[in-house]
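Enquirer: Have a look at the structure that comes next, please.
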Amino acid sequence: MDRNELFSENLGLLLQLNEAEKITWAGKHRAPLNNLGVYPRPHQAKLPVWVAMGGTPESVVRAATLGLPMALAIIEGWAAYPTPKCCAPSNCWGRKLRQWCGRR
């Protein structure tokens, strides 16, 4: 099984469920949904969805393409960078990456 494919499919399903109470959906890795919902619904209008990653370029592009915030894992060592300021959504590289992926 391709873990990247499974993750992308599950993330897409989660994002659709976050947009509408009931959805019709079909994928490769689970049974299809036909006008079904998940209950109970969240208290807020939408769940905050972040993409956690180890920092691979593909993961960064996936998050930026979907317009989702990223949670970057530091696997080993100490991080002198990034600092909170450079990780902010308004930073220069984040803006450029979202523009490159067609997002604002």
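Enquirer: Could you sort the peptides 16-25, 57-66, 33-42 by per-residue average Cβ neighbour count (10 Å cutoff), highest mean leading?
Expert: Numbers: 16-25: 12.9, 57-66: 15.8, 33-42: 10.8.
So the order, starting with the most tightly packed, is 57-66, 16-25, 33-42.
Enquirer: Taking K and R as +1 and D and E as -1, what net charge do the other residues with C-beta under 12 Å from the C-beta of residue 45 add up to?
Expert: Numbers: positive: 41, 46; negative: 19, 21.
Within the 12 Å Cβ shell, the charges total 0.
Any read-out appearing in this document is the output of simple, stated calculations on the displayed coordinates, not a laboratory observation. Predicted model only: the values in this text are computed from it and were never measured. Note that we place each Cβ from the backbone using ideal geometry, even for glycine, and neighbour counts take in every protein chain shown.
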